[in-house]
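Participant: Here it is, the structure in full.
Bear in mind that the values in this text are calculations on the coordinates, not laboratory data. Please read these numbers as outputs of a predicted model, since none were measured by experiment. Cβ sites come from the backbone with ideal geometry, for glycine too, and all protein chains shown count toward neighbours.
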Amino acid sequence: MKDIELLLKEKKEELEKLEIPIELETRLNKALNSQKPPRKKQGLIGVALIMLLLFSYNFDAIAYYGKQFMGYDEVIHGALKNLNEMGQGQVINKSHIFSNGIEVTLEGIMVDDNQLIAFYSIKDERGNIDDVRSLNIKGIFNYHMSSGSGIINESETEIKWVGTFEPPKFFERNLKFQFAINNNNTWEQGEIEFKLDRSKAMGTTIKQSIKEKLELGDNTINFATITASPTVTVIEGSIDTKLDLYRNSLKNTHPDFKIDFDLYANNEQIEKEGMGLSSSLRGYTFEGRFEALPQEIDSLAIKVVGITSSKPVDKVINLDNQASLKFSLLDREVLIKKIYSENDATYLTIVTEDDVLLEQVSLIIDEKEVPLERTISSPEGLIKNTDGSITFERTLMFMDKGDNLKLKIGKIRSFEEANKTIEIPLD
């Protein structure tokens with residue numbers, strides 16, 4: 001009782017120190033003078049006021065304890081941050097301590113149909129918090145970490161990590177969070193066992209077929225599916241270049257692609273988290289990851305920006321006795337503007353369209369192949385021409401010089417614009 005009385009006394013002192021705005025005080029006095037309050041309810045009103053003050057005073061503490069995983073506010077954002085503040089996820093709170101004292105704690109996980117997100121920390125009083133490697137989750141199958149981000153405390157003795165893993169198969173229950181450290185040139189393994197609580201999993205909000213194709217240059221881009229879950233939205237598809245892929249595999253060379261597209265919901269752009277592309281003899285598959293979708297959706301669309309591809313050309317250009325030279329690579333024009341030698345090095349100033357890059361470049365000098373040392377940006381940089389086109393000027397440096405010069409180019413990387421919108425039906 002004395003504790004309660006002391007608390008109420010402190011609250012009274014805090015209230016007395018509050019400065020009430022003049023206009024509010026005037027309005028309150030006027031309202032109070034106009035009516036006589038019923039006396040029987042005075043005690044109840046006083047108690048209600050005290051309870052309201054106590055609740056207000058402790059509201060921040062209530063919100064604080066509502067969070068599922070503490071200390072991750074600077075690592076997570078968007079939907080993931082909202083879910084954490086709502087108390088979503090499964091608490092684990094299990095640790096493993098290595099023989100050298102490094103402690104790994106799995107604080108908890110969030111799981112939906114797109115991914116498993118692990119909230120974990122690494123502690124070491126000596127500051128060796130970067131020594132933990134080889135993270136994966138082991139069940140009947142292995143689930144590898146695809147991305148992660150962390151934040152280090154000021155003393156550099158603890159790091160809080162948020163790691164993204166492949167989602168476990170629907171039949172998985174008993175899992176192990178596995179990791180390792182290199183301790184005095186010897187790998188030491190560690191693991192934390194936990195049981196997956198499917199009642200805490202969040203499932204899927206939208207799983208929709210897209211089945212749209214886009215012809216872009218020599219490629220056919222197939223948008224297959226969109227899967228939206230509470231933590232992330234994933235768009236999957238493929239790029240058809242099977243004939244080229246088979247032909248190039250015989251030469252042990254493969255084209256390289258980067259597709260760029262945006263996702264819009266209710267005509268608002270959804271934040272992009274990342275893009276990925278993989279290849280096999282069956283072809284190329286891509287994946288775009290975006291923030292979670294809003295709860296209410298009226299429209300959903302993909303806006304395809306274009307595709308950047310790197311293709312083999314295997315071209316050798318004879319530069320003997322030529323101050324400048326112009327040639328084409330896969331219908332893209334390349335201008336060698338200037339060739340000169342200086343301080344035992346040879347320099348080539350070249351101009352291309354702004355989206356064109358030359359790859360696997362070397363200079364054959366007197367029958368000796370010299371690799372590209374570095375690329376130097378020209379003062380002109382990007383140049384806007386009178387016809388509206390933009391060109392990019394730079395200088396290639398090779399550490400040797402001689403009389404007979406040949407420029408060898410293995411690949412050319414360029415961007416092909418699409419600017420096409422694909423409407424996704426909402427079933």
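Participant: Can you sort 74, 188 by how many other beta carbons sit within 10 Å, fewest first?
Facilitator: 74, 188
Participant: What is the distance, in nm, between label points placed 7 Å from the Cα along the Cα-to-Cβ direction at residue 86 and at residue 427?
Facilitator: Spacing of the two 7 Å Cα→Cβ label points: 2.5 nm.
Participant: Still on this model: Within region 86-120, list the residues whose amide N lies under 15 Å from a label point set 7 Å along Cα→Cβ of residue 198.
Facilitator: Counting only backbone N, you get 111-113.
Participant: Counting only residues 5 or more places away or on other chains, whose amide H sits under 5 Å from the amide H of residue 292 once H atoms are built in the peptide plane?
Facilitator: The answer is 79, 233.
Participant: Given 160/272; 169/272; 311/408; 94/195, which pairs have Cα atoms separated by over 20 Å? Write down the numbers at each step before the final one.
Facilitator: Details: 160/272 23 Å; 169/272 26 Å; 311/408 15 Å; 94/195 12 Å.
Beyond 20 Å between Cα atoms: 160/272; 169/272.
Participant: Within 14 Å, Cβ to Cβ, of residue 215, how many net charges do the neighbouring residues add up to if Lys/Arg are +1 and Asp/Glu are -1?
Facilitator: Its environment carries a net charge of -3.
Participant: So, one more: State to the nearest 20 debye the size of the charge dipole of region 312-412 about its Cα centre, where the only charges are +1 on K and R beta carbons and -1 on D and E beta carbons.
Facilitator: Details: 13 positive and 19 negative charges, 14 e Å.
Dipole of region 312-412, to the nearest 20 debye: 60 debye.
Participant: Tell me, what HN-Hα J-couplings in whole Hz come from the Karplus equation 6.51 cos²θ - 1.76 cosθ + 1.60 at θ = phi - 60° for each residue of region 216-223, using x for Gly and Pro?
Facilitator: Values per residue, Gly and Pro as x: 9, x, 8, 10, 10, 9, 10, 8 Hz.
Participant: Can you give me the relative contact order of region 78-200 as a percent, contacts being Cα pairs under 8 Å and 6 or more apart?
Facilitator: On the way: 257 pairs, mean separation 29.3, N = 123.
Relative contact order, region 78-200: 24 percent.
Participant: Compute the FRET efficiency between residue 316 and residue 338 as 1/(1 + (r/R0)^6), taking r as their Cβ-Cβ distance and R0 = 25 Å, and round to the nearest 0.05.
Facilitator: Details: r = 20 Å, r/R0 = 0.80.
Given R0 = 25 Å and the Cβ-Cβ separation, E is 0.80.
Participant: Still on this structure, I have one more. Going 7 Å from the Cα of residue 354 toward and past its Cβ, which residues in region 398-427 have a backbone nitrogen under 19 Å from where you end up?
Facilitator: It comes to 413-420, nothing else.
Participant: In addition: On a full-extension model of 0.36 nm per residue, what is the gain between residue 171 and residue 299, subtracting their alpha-carbon distance, rounded to one decimal in nm?
Facilitator: Length gained between residue 171 and residue 299: 42.7 nm.
Participant: If each residue of separation counts as 0.36 nm, what is the full-extension length gain between residue 125 and residue 406 once their alpha-carbon separation is subtracted? Walk me through the numbers on the way to the answer.
Facilitator: Details: separation 281, 0.36 × 281 = 101.16 nm, distance 5.78 nm.
Roughly 95.4 nm would be gained on extension.
Participant: Next up: Give me, ordered by chain and number, the residues 5 or more places off residue 319 or on other chains with an amide H under 5 Å from its own placed amide H.
Facilitator: Result for residue 319 returns 405, 406, 407.
Participant: Follow-up. By DSSP, what percent of the beta bridges with both residues in region 79-237 are antiparallel, rounded to the nearest 5? Don't jump to the answer; show the numbers that get you there.
Facilitator: Details: 61 of 61 bridges.
Around 100 percent antiparallel, to the nearest 5.
Participant: Follow-up. Whole-Hz Karplus ³J(HN,Hα) for region 359-368, in order, using 6.51 cos²θ - 1.76 cosθ + 1.60 and θ = phi - 60°, x for Gly and Pro?
Facilitator: The phi angles translate into 10, 6, 9, 8, 10, 8, 10, 6, 6, 10 Hz.
Participant: Tell me, what ³J(HN,Hα) does each residue in region 322-338 have, in order and in whole Hz, if you take phi through Karplus 6.51 cos²θ - 1.76 cosθ + 1.60 with θ = phi - 60° and put x for Gly and Pro?
Facilitator: 10, 6, 8, 7, 10, 8, 10, 10, 6, 6, 10, 7, 10, 10, 8, 7, 7
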